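Asker: Quick one: this structure, given as structure tokens, is what I'll be asking you about.
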């Protein structure tokens, strides 16, 4: 279960007293998620999510994350909204951690996305990119093309233990990505982690986007490339071009893609695969014995990286050049 920090009854009561949320009816940990400790709060005024931010989320970055959710919600995007305390604060402290309470969204994530789900995601991602315009704060993407080498170096010695020869393959790929990376594409606030478990549906209708704790400023098309990787591959590793076409076309109907963005998609998709390959390798190699959360297998993203190397134009993703 992804609860790293326990909360005592006394601590919880004192924390909730600073909010106007009514009487507590129930409080339980949520198994999903790997970055923070999450709890479902139920009061006589409704349901809420209480999050305690663990080591990977810096306290000084919380104003960006919480402010962004508030900004997006005000512009009509369906996403969690931070609940303000009686004094107007969106963040506080609980059990030695920074903490926040956010609104509860109805819906469930899909385990096996279908093309219709990918269409919904493409549309919602474009709406997110447009809604982020005018947000006053910014955050550099620490896991951009320049940041990947640091992740690689931090776990390089263990990589060939996972797969012999992989370290040399990654080093060569990183050099090519750094040399060829497009640096002047349309940019703004991106989600940067819009995997199926971060998207809720009610039936076939998308009901909301969650988990904005990797959000940052970067190229919109890079965010789209992350979604291609996350939504358009099957469990056997094959690429589903129908899903990709639906996702990209739905995105472009809301926010048209420029020729430079379309041309860059294969390289951006390689980079997105590299980003998740490296962070998964790091977690796999540094996985502590007896930890609650099992690390995800990096091989999934190695295969995706190799697939994207074979794509030379948007036609490989189901679009005309």
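Asker: Ignoring everything except DSSP H segments at least 4 long, calculate the 222 nm mean residue ellipticity for the chain; use -39,500 (n - 2.57) per segment, divide by total residues, nearest 500.
Answerer: Working: 9 runs with 132 residues, N = 321.
Value at 222 nm, helices only: -13500 deg cm²/dmol.
Asker: Another question, if that's okay. Using the alpha-carbon atoms, what tilt in degrees (0 to 90, nearest 10) does helix 241-254 show relative to the longest principal axis of the chain?
Answerer: On a 0 to 90 degree scale, this one is about 70.
Asker: State the three equivalent ellipsoid semi-axes of the stretch 189-321, derived from the C-alpha gyration tensor as the square roots of 5 times its eigenvalues, in descending order and whole Å.
Answerer: On the way: eigenvalues 125, 67, 42 Å².
Taking √(5λ) for each Cα gyration eigenvalue gives 25, 18, 14 Å.
Asker: Over the stretch 1-118, what per residue volume does the convex hull of the Cα atoms give, in whole Å³?
Answerer: Details: hull volume 15.4 nm³, N = 118.
Here the figure is 130 Å³ per residue.
Asker: Relative to the longest principal axis of the C-alpha atoms of the chain, give the angle of the C-alpha long axis of helix 299-309, reported between 0 and 90° and rounded to the nearest 10°.
Answerer: Roughly 40 degrees, rounded to the nearest 10.
Asker: Shifting gears a bit: Which percent of Cα-Cα pairs in the stretch 10-75 sits in each 5 Å bin, short to long?
Answerer: Once binned at 5 Å, the Cα pair distances of the stretch 10-75 give 3, 14, 19, 22, 24, 16, 2, 0.
Asker: In addition: Sort 71, 93, 184 so that the residue with the fewest other Cβ atoms within 10 Å of its own Cβ comes first and the one with the most comes last.
Answerer: Numbers: 71 19, 93 13, 184 7.
Fewest-to-most ranking of 71, 93, 184: 184, 93, 71.
Asker: I need the Debye-formula profile for the chain: one equal scatterer per C-alpha, no solvent, reported as log10 I(q)/I(0) at q = 0.12, 0.15, 0.16 1/Å, two decimals.
Answerer: -0.86, -1.31, -1.45
Asker: Shifting gears a bit: For helix 62-74, report the angle its Cα long axis makes with the longest principal axis of the Cα atoms of the chain; keep it between 0 and 90° and round to the nearest 10°.
Answerer: Orientation of helix 62-74: about 90 degrees from the principal axis.
Coordinate-derived values only; no laboratory data. Bear in mind that the values here come from a model prediction, so they are computed numbers and not experimental data. Cβ sites come from the backbone with ideal geometry, for glycine too, and all protein chains shown count toward neighbours.
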